[in-house]
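Please read the structure below before turning to the comments.
The values are calculated or read from the model by the stated rules, or taken from the named source; none is laboratory data. Owing to the predicted nature of the structure, the values given are computational and were not obtained by experimental measurement. Quick reminder, even Gly has a Cβ in these numbers, built from the backbone with ideal geometry, and neighbours come from all protein chains shown. Note: areas computed on protein heavy atoms with side chains; ligands, DNA, RNA excluded. Shrake-Rupley method; radii C 1.70, N 1.55, O 1.52, S 1.80 Å.
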Amino acid sequence: MESFSIYTGRTALLNRENVDTDAIIPKQFLARVQKSGYGPFLFFDWKNAPGTVCEIDDEAGDFVFRKQVLNPDFELNHDTFAGATILVTKNNFGCGSSREHAPWALLGAGFRVVIAPRKDDVPAFADIFRNNSIQNGLMLVELASAEVNAIFDRVNANPGLEITVDLPKQTVSLVGGPTFRFQINSGAKQRLLTGRDEIGDTLVMAEKIATYESKVPAWCSL
Amino acid sequence: MPKTLFDKVWEAHVVEAMPDGSYLLYIDRHLVHEVTSPQAFEGLRRSGRKLRAPKRTLAVLDHNIPTVDRRNITNPIAKKQVTELESNVREFGIEFYGLDSDRQGIVHIIGPELGFTLPGVTLVCGDSHTSTHGAFGALAFGIGTSEVEHVLATQCLMQSSKPLNFRVELQGRLPRGVTSKDVILRIIREIGTAGGTGSVFEFCGEAIAAMSMEERMSLCNMSIEAGARAGMIAPDPTTFDYIQAQNRPFAPKGKVLTEALNYWKTLQTDAGAHFDKELVLNVSALAPQVTWGTNPAMGTDVSGSIPALDGYKHSSAANVERALQYMGLKAGQKMTEIPIDLVFIGSCTNGRIEDLRAAAAFLQGKKVKVQTLVVPGSMQVKAQAEREGLDHVFKQAGAKWREPGCSMCLGMNPDIAAPGQHVASTSNRNFEGRQGKGARTHLMSPIMAAAAGVAGHVVDVREKLY
Ligand code: SF4
């Protein structure tokens, strides 16, 4: 997987709560067996207006846009967010289905970072989505609600504003300030920084796994 | 130190506590379906890795399978996904329940039926509703495709932290016409779709003790809709009876079963164990629940009304307005005024035999006004229902009796609702587009869905029972 350390990019705002993975990448695209190529279908139902024709091309064996009509009301279609690679959104992003196609689609569309707020003691991102994102080097930053609101205000006033996410220092900095600190679990941080093959790491512990397996009770064996 | 049920199962599976605070967890059971596995098998092929313990994995076709002419998959991409699983299970030597198998069905329905799901095991699947299996006192949770590959290669998962303990006590007994589906919808409505994030629920209390395994599975199934990592119920005689029933090939038997039972009986939360969060709900006056919005927390009593824009506690008025616009509904509208164009009875939430019995009992001698799809959750459920003559009841009521699969729970197969249609659905997600682009899903119990089909709008089934 790709590693993540310090990254600067343009910001896009998606002012919605509880964005589910069905919205991030609708079901029909889950029939694909590839790991890549989901970017064009990110937020498909929100992004595209009636008149859009996206269908399976028998020769290509894949979905192709015959015609694409962008929905002018969808935030991410606005010119000010063109080329954005950091998505700032609201709480409980990535809830619902376990589909890893969600981070694949976000990364495929160029996003490297998603920033969202905690709400009281409730984490900003859904559990499975968070795990899937780490597996793919998509950086998720959880901030306090007031901090995310401050980012919304700044970006609204300065469209295209750049943000720098510094994982080693655990900071998010807006051009011209302010800088916010964020928390991240140390295991997740190490994995993102090194981008190493997690399966390889586990395989190194094969002996420990074998020892564990030797003690599995008969009723649990298969 | 006193421990919770979750603590006990978790601790019994830690292979190694890592210096960075992560845990390497052993995975006893792994379920695989066609949608979230092809990239994992491809990853294994590319890295030249093998399965560590192929016997611990079962694979099944469910999501893409048409419920009418099941072999005739016309979507070439879906068809490729199906054939890919068929060849992957051959290549990697995995037990497989394909279209020819009389044990085929939705992954979360067949695991328990086969006796594969047991108390005290860790069970994962590349599917969020894996929480279903927690009904047996298993620690069961959904994972992504990279993690599917990890489990296939190592039979372990790296967990960056241990989830919190969240106790949900259900006091009282459920009234007539009210089901465990209503209970879980009520819980989600209370704490929101993120209320359980980072936690594992333990459901307990009088109402749980009285529930069948089917009811418990429907409840645990939707733990994920409250954001929880998993939902668990301590095993009891109801659990043990289910496991010892006929026709569960993977369940332990004889002496091994005795050993297992001795251990399973210890899987209870100790007195005084610590819970990080708690919710107590008395269900004795609970009303049937119906959703009006675009996530499972956007619901209310069937006897109630859609809240005012600023009357919904889990998101802003702007989000409620967007949801109502999508749903074609208005704030303040009575729930029973919601028209229904289509009924779907099925899914891993409510596609089990008891669900079909409840719906059939209601439909006996009545006619549905709108198109109604009844989709058994598995071949075993279908066979049982047909032995009991439920298929005739459904057909006489004007409903369609279909072949097992995920069907209209998510439109990855031909069962799709049309834009703007209101669907009374026994599934688990009312997200935008889930049942078809523009489709408007109202989550409810099987008996409520059946009643809505007869009336052509949302109705309070309690008024129709005598
Ligand atoms: S029935 Fe629905 S929720 Fe359950 S496994 Fe199938 S698609 Fe997923």
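If a residue must be at pLDDT below 95 and either more than 10 Å from chain B (Cβ to nearest Cβ) or crowded, with 18+ Cβ neighbours inside 10 Å (or both), how many such residues does region A:56-67 contain?
Total meeting the criteria: 2.
Given the options A:199, A:184, A:151, name the one that is in contact with a His (Cβ under 9 Å, 6 or more places away or on another chain) and of a type in the set (A, V, I, L, M).
It is A:199.
Checking residue B:295 against (1) more than 14 Å from chain A (Cβ to nearest Cβ); (2) within 16 Å of the ligand (Cβ to nearest atom), which test does it fail?
(1)
Here are some residues: A:73, A:45. Which one is over 17 Å from residue A:135 (Cβ atoms), part of a loop (DSSP other than H, G, I, E, B) and of a type in the set (Asp, Glu)?
A:73
Condition first: under 19 Å from residue B:301 (Cβ atoms) and either within 25 Å of the chain's Cα centre (by Cα) or within 10 Å of the ligand (Cβ to nearest atom) (or both). Now tell me which residues in region B:339-349 satisfy that.
B:340 - this is the single residue of region B:339-349 that is under 19 Å from residue B:301 (Cβ atoms) and either within 25 Å of the chain's Cα centre (by Cα) or within 10 Å of the ligand (Cβ to nearest atom) (or both).
Give the residues of region A:35-55 that are aliphatic (A, V, I, L, M) and open to solvent by 40 Å² or more (accessible area, probe 1.4 Å), sorted by residue number.
Scanning region A:35-55 gives a single hit, A:53.
Which condition number in (1) closer than 23 Å to residue B:66 by Cα; (2) without any contact (Cβ under 8 Å) to a residue 60 or more places away in the chain; (3) away from the ligand (no atom under 13 Å from the Cβ) is the one that residue B:450 fails?
(2) is the only condition that residue B:450 fails.
Quick check on my filter: what residues within region B:387-423 are under 24 Å from residue B:184 (Cβ atoms) and within 16 Å of the ligand (Cβ to nearest atom)?
B:404, B:405, B:406, B:407, B:408, B:409, B:410, B:411, B:412, B:415, B:417, B:423, listed by residue number.
Residue check: is residue B:441 buried (at least 19 other Cβ atoms within 10 Å of the Cβ) and either in a helix (DSSP H, G or I) or touching a Ser or Thr at 6+ places or on another chain (Cβ under 9 Å) (or both)?
For residue B:441, the condition - buried (at least 19 other Cβ atoms within 10 Å of the Cβ) and either in a helix (DSSP H, G or I) or touching a Ser or Thr at 6+ places or on another chain (Cβ under 9 Å) (or both) - is met.
Pick out, from region B:1-103, the helices (runs of 4 or more DSSP H) lying fully within it that include 1 or more residues that are among the basic types (Lys, Arg) and under 22 Å from residue B:153 (Cβ atoms).
Here the list reads B:38-47, B:76-92.
I'd like the full set of residues that are more than 12 Å from chain B (Cβ to nearest Cβ), in contact with a helix residue (DSSP H, G or I) (Cβ under 6 Å, 6 or more places away or on another chain) and assigned to a helix (DSSP H, G or I), limited to region A:1-40.
If the condition is that a residue be more than 12 Å from chain B (Cβ to nearest Cβ), in contact with a helix residue (DSSP H, G or I) (Cβ under 6 Å, 6 or more places away or on another chain) and assigned to a helix (DSSP H, G or I), then A:39 is the only one that fits.
Scan region A:150-197 for residues that are touching a residue at least 40 places away in the same chain (Cβ under 8 Å), surrounded by 18 or more Cβ atoms within 10 Å (Cβ to Cβ) and assigned to a strand (DSSP E or B) and jot them down.
Selection gives A:163, A:165, A:172.
Do we find that residue A:129 is part of a helix (DSSP H, G or I) and open to solvent by less than 30 Å² (accessible area, probe 1.4 Å) in this structure?
yes
Taking only pairs six or more apart or across chains, which ones have beta-carbon atoms under 9 Å, a first residue in region B:247-273 that is more than 18 Å from residue A:221 (Cα to Cα), and a second residue that is of a type in the set (Val, Ile, Thr)?
That search, which allows pairs on different chains as well, returns B:267/B:9; B:269/B:4; B:270/B:4; B:273/B:4.
Is it fair to say residue B:75 is within 9 Å of chain A (Cβ to nearest Cβ), of a type in the set (S, T, N, Q) and within 14 Å of the ligand (Cβ to nearest atom)?
no
Which members of region B:102-132 meet the condition of being more than 12 Å from the ligand (Cβ to nearest atom) and closer than 16 Å to residue B:377 by Cβ?
Within region B:102-132, B:102, B:103, B:104, B:112, B:113, B:114, B:116, B:117 qualify.
Could you count how many residues in region B:360-379 are open to solvent by less than 10 Å² (accessible area, probe 1.4 Å) and within 16 Å of the ligand (Cβ to nearest atom)?
Looking only at that region, the number is 6.
Against the conditions (1) crowded, with 24+ Cβ neighbours inside 10 Å; (2) away from chain A (no Cβ under 13 Å); (3) more than 16 Å from the ligand (Cβ to nearest atom), where does residue B:175 fall short? Just the number, please.
Every condition holds for residue B:175 apart from (1).
Take the residues in region B:18-55 that are hydrophobic (A, V, I, L, M, F, W, C) and away from chain A (no Cβ under 11 Å); name whichever of them is farthest from the ligand (Cβ to nearest atom).
B:51
Just a yes or no: is a residue in region A:191-209 under 30 Å from residue B:243 (Cα atoms), facing another protein chain (nearest Cβ under 8 Å) and modelled with pLDDT under 95?
no
Exactly one of (1) surrounded by 19 or more Cβ atoms within 10 Å (Cβ to Cβ); (2) away from every other protein chain (no Cβ under 13 Å) is unmet by residue A:70. Its number?
Of everything listed in (1) surrounded by 19 or more Cβ atoms within 10 Å (Cβ to Cβ); (2) away from every other protein chain (no Cβ under 13 Å), residue A:70 misses just condition (1).
Yes/no matrix, rows are residues, columns are (1) within 11 Å of chain B (Cβ to nearest Cβ); (2) in a loop (DSSP other than H, G, I, E, B); (3) open to solvent by 10 Å² or more (accessible area, probe 1.4 Å):
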{"position": "A:87", "(1), (2), (3)": "no, no, no"}
{"position": "A:98", "(1), (2), (3)": "yes, yes, no"}
{"position": "A:104", "(1), (2), (3)": "yes, no, yes"}
{"position": "A:115", "(1), (2), (3)": "no, no, no"}
{"position": "A:134", "(1), (2), (3)": "yes, no, yes"}
{"position": "A:148", "(1), (2), (3)": "no, no, no"}
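Residue check, residue B:188 against (1) in contact with a strand residue (DSSP E or B) (Cβ under 7 Å, 6 or more places away or on another chain); (2) within 14 Å of chain A (Cβ to nearest Cβ); (3) of a type in the set (A, V, I, L, M), all met but one. Which one?
All conditions pass for residue B:188, except number (1).
Within region B:33-47, identify whether any single residue is under 17 Å from residue B:377 (Cα atoms) and open to solvent by less than 50 Å² (accessible area, probe 1.4 Å), and answer yes or no.
yes
Do you know which residues across region B:151-172 are more than 10 Å from chain A (Cβ to nearest Cβ) and under 21 Å from the mean Cα position of the chain (by Cα)?
Matches in region B:151-172: B:165, B:166, B:167, B:168, B:169, B:170.
Within 16 Å of the ligand (Cβ to nearest atom), farther than 19 Å from residue A:199 by Cβ and buried (at least 20 other Cβ atoms within 10 Å of the Cβ): is that true of residue B:58 in this structure?
yes
Would you say residue B:212 is among the hydroxyl-bearing types (Ser, Thr, Tyr), more than 14 Å from chain A (Cβ to nearest Cβ) and open to solvent by 20 Å² or more (accessible area, probe 1.4 Å)?
yes
In this structure, is residue B:207 part of a helix (DSSP H, G or I), at the interface with chain A (Cβ under 10 Å from one of its Cβ atoms) and not polar (S, T, N, Q)?
No.
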